[in-house]
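See below for the structure under consideration.
The values are calculated or read from the model by the stated rules, or taken from the named source; none is laboratory data. Everything quoted here is computed from the prediction, not taken from an experiment. Don't worry about glycine lacking a Cβ; one is built from the backbone with ideal geometry, like all the others, and counts go over all protein chains shown. The area values use the complete protein model at the heavy-atom level, side chains included, leaving out ligands, DNA and RNA. Shrake-Rupley method; radii C 1.70, N 1.55, O 1.52, S 1.80 Å.
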Amino acid sequence: MLKQESDLTIYFANETGEYLVPVVYGFTIDNSSSSMEEYIVSQLIAGPKTKDAYATMSKDVKVLSITTSDKICYVNFSSSFLSQNQPVSDELMVYSIVNSLCQLPYVNSVQFMVESESDIMLHKTFDLSQPLRRKTDLIRK
């Protein structure tokens, strides 16, 4: 099978944790690799590979599944997602995921799930029960 290279933009926090900054990653499409969605979320959990960007998620977060249907990407996390002590605000962490996934041409919104449940609140303040769309006002170059 022919391998195909693709550039993906993944959004991490800036130094002050106020905004998202783009970091471009190369992704090789082949039969054995994970999906682009899985790759994006795994890189967000691993943290950036550059000194100009900062992690938005805890490395302890586990993904149970990621599927895309009807332009909605469903990201199903383990319960560790709700109890993580991430280094940035809930909004910045959530939109690092949403903005990174919504750059894919076949994803318009992201539905967060925890243990297959979608009616969830993050830290009792951030409602994740509905699919979220890209939020560009958080992005700085």
### Message
If I go through the range 78-102 residue by residue, how many of them are within 17 Å of Ile10 (Cβ to Cβ), touching a strand residue (DSSP E or B) at 6+ places or on another chain (Cβ under 9 Å) and open to solvent by less than 60 Å² (accessible area, probe 1.4 Å)?
### Response
12
### Task
Mind listing whichever residues of the range 103-120 are aliphatic (A, V, I, L, M) and touching a strand residue (DSSP E or B) at 6+ places or on another chain (Cβ under 6 Å)?
Val107, Val110, Met113, Val114, Ile120
### Message
Against the condition modelled with pLDDT under 95, open to solvent by less than 50 Å² (accessible area, probe 1.4 Å), aromatic (Phe, Trp, Tyr) and within 23 Å of Gln111 (Cα to Cα), how does Tyr39 come out, does it pass?
### Response
yes
### Query
Counting only residues that are among the β-branched types (Val, Ile, Thr) and over 8 Å from the mean Cα position of the chain (by Cα), how many does the range 81-107 have?
2
### Task
Give the range 58-77 a look and list any residue that's under 26 Å from Glu5 (Cα atoms) and open to solvent by less than 30 Å² (accessible area, probe 1.4 Å), or say none.
Ile66, Cys73, Val75
### Query
Considering the range 48-57 alone, what residues qualify as being surrounded by fewer than 16 Cβ atoms within 10 Å (Cβ to Cβ) and of a type outside the set (Lys, Arg)?
Thr50, Asp52
### Query
Do we have any residue at all in the range 120-133 that's in a strand (DSSP E or B) and buried (at least 18 other Cβ atoms within 10 Å of the Cβ)?
yes
### Query
Mind checking which residues of the range 105-119 are polar (S, T, N, Q) and either part of a strand (DSSP E or B) or within 16 Å of Thr9 (Cα to Cα) (or both)?
Asn108, Ser109, Gln111
